Structures are given as C-alpha cells and as structure tokens.
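The values are calculated or read from the model by the stated rules, or taken from the named source; none is laboratory data. Computed from a predicted structure; not experimentally measured. Every residue, glycine as well, gets a Cβ built from its backbone with ideal geometry; the counts of neighbours run over all protein chains shown.
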Amino acid sequence: MIKCCDIIKVVEDFYQALYLYAFKQLRDEHLAKDAVQEVMYRISRAHQTNTEINNLRAWLYQTLRHVIADHYRQQGKSIVEFSVDLNDSEIEKSQEASTSILIDGMRSIIQLLPSRYADPLLWSDIEGIPQKKIAEKLDISLSAAKMRVQRAREKLYNLFIECCDIVYDKNGAFATCSIKEHCQPFRDIENCLK
C-alpha cells in the first residue's frame, strides 16, 4: 500500500521512465507529459482513497497504458489491445530500453565534441570508468584527467545551451527542453533515435 511520504518518491523514481514510455507511444512531448501527469494524479487519488497497490511499478505502467488508450479513443484512432498482466521483467525490459535510448542519445551528443574531450567524458560518465584509469589510458596525470572531464562537461553544457531551449521549473530544476531550429546535429540525433 502507498504511504503518504512515498508519493514524492514515486514521482522521483518513475516520472522519467514513464515519460519516455509515453513519448515512445504518443510521439509528442506535450501529450506524453499530460499522460504522465494523469498517472501521477491517479496515484495521488489512489493514495487518498487508501487503495491497496501490491506492485506499484506494474500499476503505474498499466495506468499509463490505459491513459494512452483513452487518448487514442478520444482521437477516434484504432488501438491495439495490450496485455493487462505485465510482469516485473517486462517492465524492467521497457525501462532498460528507455535507458538505452537515453544513453545512445547522450553518446551521440557527446561525440559531437572534439575527441580530446568526448572520449574521457564517455569513459567517465557513460561507461563509468574511474578517472584514475582514464588518466592511465591517456597517459596523463590524474588531475589532468579530472580537468579534461570537467572541461568536457562544460563544453557539453554549452552545446546544450547553444542548441536547446531549456525550461526550468519554479525551483530552478530542469523541466524540459526543445531543440532549436538551427541545430541540425541534434535534430539528426533525434531522428535516429525515433
């Protein structure tokens, strides 16, 4: 059963994965956000009515699929019925696929940087290689490796600022972004990931 303090944790733990799943199904960021917001509304309503939920992850994804199906019904589009019984391994595969899409996208964006910066950043932040091993691999000091990874992060940040319209919420946290018209490399990456 969901407890009071768990609602915020539910949002933190599941929002991004649910959004990616919804975006993959709806192919529209606003519709995907609306669908996930509806799921979050329903989980808070379930909490208020003390509805017992034994498998939270399955419940969230099932509810999201229902919201997506409702959207297609309202649009008058035909939908394909899907199984109601999604087990944890199927949900984990879906989350792994979403994570894989994100990693592939980040890898492609990082590779837009000069290799001097792209390689250490990929090794450190995507592959999880310790910076000490990166220093050995590049035959540079540990402090130089740390500096190179930090500069790569700064260059990546500047690339995002240059190519994306970034929106922050009222607390200053990242909310969403869209690719600017002039940024063809990001658009190419976006098209490859679809």
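What to note about this one:
- Within the option set 56, 31, being over 27 Å from residue 178 (Cβ atoms) and surrounded by fewer than 18 Cβ atoms within 10 Å (Cβ to Cβ) holds for one residue only, 56.
- Test: residue 137 is without any contact (Cβ under 8 Å) to a residue 24 or more places away in the chain, under 21 Å from residue 114 (Cβ atoms) and surrounded by 12 or more Cβ atoms within 10 Å (Cβ to Cβ): yes
- Remark: residue 26 falls outside the filter, which requires a residue to be in contact (Cβ under 8 Å) with a residue 60 or more places away in the chain and either under 26 Å from residue 177 (Cβ atoms) or more than 20 Å from the chain's Cα centre (by Cα) (or both).
- Some residue of region 167-176 being free of Cβ contacts under 8 Å to residues at least 24 places away in the same chain and surrounded by 15 or more Cβ atoms within 10 Å (Cβ to Cβ): no
- Of all residues in region 96-139, exactly one satisfies the criterion of being among the aliphatic types (A, V, I, L, M), more than 17 Å from residue 153 (Cα to Cα) and at pLDDT 85 or above, namely 138.
- Selection from region 175-193 of residues that are touching a helix residue (DSSP H, G or I) at 6+ places or on another chain (Cβ under 6 Å) and either closer than 16 Å to residue 24 by Cα or not hydrophobic (A, V, I, L, M, F, W, C) (or both): 180, 189, 193
- Meets criteria (modelled with pLDDT of 80 or more and more than 15 Å from the chain's Cα centre (by Cα)) for residue 62: yes
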